[in-house]
Amino acid sequence: MISLNDEKIPWQEGMTVADLLSGLNDAHNYAVIRVNGKYVSRPNFDAYKIPDEAEIFLIPMVVGG
Amino acid sequence: MTNFELKELKTLSYQRPEIDKGYANQSLYVNITDPDIAIKPVTEQMKEIFIGGKGFDLWLLWHAVTPRTRWNDPENTICIASGPMGGTPAYPGSGKSIVAAISPTTGSVMDSNVGGYFGPYLKFSGFDALEIQESIKVFASKGLPEDGYALSEVLTNHFAGGKPRGISVVSTGPGAAHTVMGCINFTWYDNKRKRARYKQAGRGGLGTVFADKGIKAIVARWDSVSLDSNKPADKEALRSVGKAYSKEIVALDPKQNQMSKIGTTHLVPIMNDFDLLPTHNFKFGQHKHAGLIGKDVYKDIFDPGFDGCWMGCTVACSHGVKDFVPLTGDYAGKKVFVDGPEYETIAGCGSNLGVFDPYFIVEMNFYCDTYGLDTIAVGTSIAFVMECFEMGLIDTSHTGGLDLNFGNRLGALTLVHQMATGEGFGKIVGQGVRNMKKVFAESYGADPGILQDIGMESKGLEFSEYMTKESLAQQGGYGMALKGPQHDEAWLIFLDMVHNYMPTFEDKAEALHWFPNFRTWFSLCGLCKLPWNDIVPEDNKEEDEPAKVMKHIRWYAEYFSAMTGRKVVPDDLIPMSEAVYNFQRIFNVRMGFGRREHDTIPYRAVGPVTVEEYESRQERYDDQLTDKYSVDIEEKSSEEKVALLRNFREEQYEKLKDAVYQRRGWSNDGVPTVETAKRLRIDFPEVLEVLEVSGR
Ligand code: SF4
């Protein structure tokens, strides 16, 4: 199991951030997510493997600065 | 224990007015030559059109100076104001002061939005704005410390009368007097750590104007602050919207950017991933060691605590480093408290110098604040020097023997110490990128063309710390910003480059109309921009225009209505700002400054200047030449491709100017039209006179 914005969802071996987001219908809003406290950005979504028990937060688009 | 003497030269007794719906309805004028102190009324027209804060500053400054006024002329005036919402403890980010004066770097109007308690305390003491004119002839203090760090502490303790939380000190440091990049420190008292802390009005050399006038410090004192202090028109409505906002931030910040723990340091790894973190004088946007200066490191270096630069700000992003021991300078070996670093300082004094040592950045941060220097201008100027040094445009015969290759930490710190005393090569670096370009070309024989391409300034102001090569909209955000390339007017990189929300010139122009104007609104009201869009409501994605974070804008409209009694809806906020925004552009025109030619940016901000840069991202640039511009690159050398890409990109930037000027209601030369001035009710005779002279 992993937690996505405080919701539990099943984990799969080899699951990447891109895999996780492909199951969401608003994935385009997220260019950055936080996995166990570490920022993962869109250029790395395909390569980044999510570990089991991960705590993940979707960071809304960065419009700051 | 510091022994010092203060002498009273002039006092003014006055009856403090009751604050009414966020306004004191008067301003304070101080002429420090005569000396003379006077109270001026704040008119209904000022409130109606200029709102407060930066609006009041600009109105007062316009009347204080002439088109011939230079930054170091006596009539140049330092204006400081908060705004009608400034001083509200119930609504996050409501304690800002806005400073304005004619700048030594640009020669025109400069404004800076800063935390600390001064603006609110000034207002509660009876004044919506403060003007300081002329320069000191009779020195009224002896024995006070020179540097901003010690001075803030000493004056806080001196005036506290047992209540240090009631004191805010405004001062600068010795570097401000010897450079054109002086900042002004604004303090608040940190009850937990029992010490004065500060934030900086950093950009455009406002501290240099302060030092040039011979002002040691300005101190405001106030007692307790509550929701009633501003006497809002509808206290219950204000309480309720403030509570909703605070609650949302407390719930969402831990899930989103965790600014209450790590400040703005989260931006370092994110910018690095997207090739946006300036490294080596904005040559590249990424570095393999960026992780060493990111949030994972600073979260352990920061002293934990609830650190707001104004009371009740639940974002609480103003972190600091406790018991830091500098390795150099007068404080070497002594424990100090350092306010910061924030993202801009990390990128400017770290990655852009090719340094990935978090403690070096803390030391640069400490000495810049202490000496009264803007960390952004210092970082961008030293980065320029390092690239010139590596290119052989300057050498050790010019630098006083300093080896200034990228990554040289001691070299960079030495320059900062030299800026404080006005000695050595640091004295030249302290004159900023625009002046250095002139000196390097005229006195050292460097090629002016390459200096122009890599010298990261526009309008005389050094760039703040974001890469813009791949975002045309942000090139416009920097190039068409009124005061010069500072991101507080527009930060569109993600919307443009990452989310592709603005594919056409018209979309970009619309964004370069709306965002600068909405961001201006914060500085009219005495507010901080960060709570608006650094914490985003969970249902924001359902909104029609998620980039604007409309739920928060509805709350801001409610907040403004509840405070001032002037009922507004979200659509009313942009026209409020537009009046002040256009007035500032016309002010620039009046100072000989605000036209199309002044919105030019160096090519380094637009595309790859060198073959090295091109080849480092060759696939990206080759694809653009072939796919976007249909160029056959088969036989082309890298030099040829650099030149071709440059033509295309520079042409795009000029087209963007056309679209933006049209959307803003400006002429093709970038000057607001008479029609625009009339629509915004800023068609005062003296404004029309400027427009007439400029041919509009
Ligand atoms: S968000 Fe940060 S900078 Fe803005 S008022 Fe709050 S503590 Fe100060």
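The values are calculated or read from the model by the stated rules, or taken from the named source; none is laboratory data. What you see is a predicted model; the values in this text were computed from it and never measured. Neighbour counts are summed over all protein chains in view; Cβ atoms, including those assigned to glycine, are modelled from backbone coordinates with ideal geometry. Calculation scope for accessible area: heavy atoms of the full protein, side chains included, ligands and nucleic acids excluded. Shrake-Rupley method; radii C 1.70, N 1.55, O 1.52, S 1.80 Å.
Packing-wise, with mean Cβ within 10 Å as the measure, how do B:483-496, B:131-144, B:346-359, B:85-98 rank, highest first?
Result, highest mean Cβ count within 10 Å first: B:85-98, B:346-359, B:483-496, B:131-144.
Just how large is the dipole of the stretch A:2-60 about the Cα centre, in debye to the nearest 20, putting +1 at every Lys and Arg Cβ and -1 at every Asp and Glu Cβ?
My answer is approximately 240 debye.
First check a/c for chain B, with a ≥ b ≥ c the square roots of the eigenvalues of its C-alpha gyration tensor; if it is under 1.5, answer rounded, and if not, answer prolate when a/b is larger than b/c or oblate otherwise.
It is rounded, given that a/c, with a ≥ b ≥ c, falls under 1.5.
Mind checking the mean number of beta-carbon atoms from other chains within 10 Å of the Cβ atoms in A:36-43?
Average per residue, whole number: 5.
When ligands, DNA and RNA are left out and all protein chains stay put, how many square angstrom of accessible area per residue does the stretch B:5-221 have with a 1.4 Å probe?
Per-residue value: 33 Å².
Got a sec? Which residues of the stretch B:472-503 lose 30 Å² or more of accessible surface with every protein chain in place, vs. that chain alone, 1.4 Å probe?
B:Trp491, B:Phe494, B:Val498, B:His499, B:Tyr501
Per residue of A:50-59, what is the mean number of Cβ atoms on other protein chains within 10 angstrom of that residue's Cβ?
Other-chain Cβ atoms within 10 Å of each residue's Cβ, averaged: 2.
Between A:Ala18, A:Ala31, A:Ala47, find the one with the highest GNM mean-square fluctuation for chain A; connect C-alpha pairs within less than 10 Å.
Among A:Ala18, A:Ala31, A:Ala47, the largest mean-square fluctuation in the Gaussian network model of chain A belongs to A:Ala47.
Can you give me the accessible area per residue for the stretch B:330-466, using a 1.4 Å probe, in Å²?
Ligands and nucleic acids excluded, the figure is 29 Å² per residue.
Mind checking which of B:Ile633, B:Tyr614, B:Tyr653 is farthest towards the positive end of the stretch B:607-664's charge dipole, using Cβ charges of +1 (Lys, Arg) and -1 (Asp, Glu) about the Cα centre?
B:Tyr653
What's the ranking of B:622-628, B:403-409 by average number of surrounding C-beta atoms within 10 Å, highest first?
Packing proxy ranking, top to bottom: B:403-409, B:622-628.
How large is ³J(HN,Hα), in whole Hz, for each residue of the stretch B:316-323 in order, when computed from phi with the Karplus curve 6.51 cos²θ - 1.76 cosθ + 1.60 and θ = phi - 60°, using x for Gly and Pro?
Using θ = phi - 60°, the values come out as 6, 9, 8, 8, x, 10, 8, 6 Hz.
Measuring from centroid to centroid over Cα atoms, what is the spacing of the stretch B:498-540 and the stretch B:672-696 in Å?
Cα centres, the stretch B:498-540 to the stretch B:672-696: 27 Å.
For chain B, what is the calculated [θ] at 222 nm in deg cm²/dmol (nearest 500), taking -39500 (n - 2.57) for each run of four or more DSSP H residues and dividing by its residue count?
For chain B, the value works out to -12000 deg cm²/dmol.
What is chain A by shape, rounded, prolate or oblate, if you read a ≥ b ≥ c off the alpha carbon gyration tensor as root eigenvalues and call it rounded for a/c under 1.5, prolate for a/b larger than b/c, and oblate otherwise?
It is prolate, given that a/c is not under 1.5 and a/b is the larger ratio.
Would you list, by chain and number, the lysines whose Cα falls below 22 Å from the Cα of B:Lys283, excluding same-chain residues fewer than 8 positions away?
Within the straight-line cut-off, B:Lys283 pairs with B:Lys437, B:Lys438, B:Lys459, B:Lys469, B:Lys641.
Chains B and A: buried accessible surface, both sides, probe 1.4 Å, rounded to 100 Å²?
By this definition, chains B and A bury close to 2300 Å².
Taking amide H positions as placed 1.01 Å from N in the peptide plane, with prolines and chain starts having none, which residues 5 or more places from B:Phe284, or on another chain, fall under 5 Å of its amide H?
B:Thr279
Of A:Asn25, A:Asn44, A:Asn36, which has the largest mean-square fluctuation in a 10 Å C-alpha GNM of chain A?
Of A:Asn25, A:Asn44, A:Asn36, the most mobile in the Gaussian network model is A:Asn25.
Which residues of the stretch B:245-276 show a drop of at least 20 Å² in accessible area when all protein chains are present, compared with their chain alone (probe radius 1.4 Å, heavy atoms only, ligands and nucleic acids excluded)?
B:Lys255, B:Gln256, B:Asn257, B:Gln258, B:Leu267, B:Ile270, B:Asp273, B:Phe274
Step through the residues of the stretch B:529-537 one at a time and calculate ³J(HN,Hα) from phi using the Karplus curve (6.51 cos²θ - 1.76 cosθ + 1.60, θ = phi - 60°), rounding each to whole Hz and writing x for Gly and Pro.
Residue by residue, the stretch B:529-537 yields 7, 4, x, 4, 10, 8, 10, 10, x Hz.
Before I look further, what does the stretch B:607-664 give for accessible area per residue, probe 1.4 Å, in whole square angstrom?
Ligands and nucleic acids excluded, the result is 54 Å² per residue.
Rounded to the nearest percent, how much of the accessible area of the protein assembly as shown (1.4 Å probe, protein heavy atoms only) is carbon and sulfur?
49
Quick one: 3J(HN,Hα) in Hz for the stretch B:569-575, Karplus 6.51/-1.76/1.60 with θ = phi - 60°, rounded, Gly and Pro as x.
After applying 6.51 cos²θ - 1.76 cosθ + 1.60, I find 10, x, 5, 7, 6, 5, x Hz.
Give the percent of DSSP beta bridges with both residues in chain B that are antiparallel, rounded to the nearest 5.
90
Please compute the average number of Cβ atoms from other chains found within 10 Å of each residue's Cβ in peptide B:541-549.
Rounded to a whole number, the mean comes out at 2.
Cβ neighbours within 10 Å, averaged per peptide: list B:276-288, B:239-251, B:416-428, B:517-529 in order, most packed at the top.
Put in order of decreasing packing, that is B:517-529, B:276-288, B:416-428, B:239-251.
With +1 on the Cβ of every Lys and Arg and -1 on the Cβ of every Asp and Glu, and nothing else charged, how large is the dipole of the protein assembly as shown about its Cα centre, in debye rounded to the nearest 20?
2640
Mind checking the dipole of chain B: about its Cα centre, +1 per Lys or Arg Cβ, -1 per Asp or Glu Cβ, Debye to the nearest 20?
Here the size comes out at about 2440 debye.
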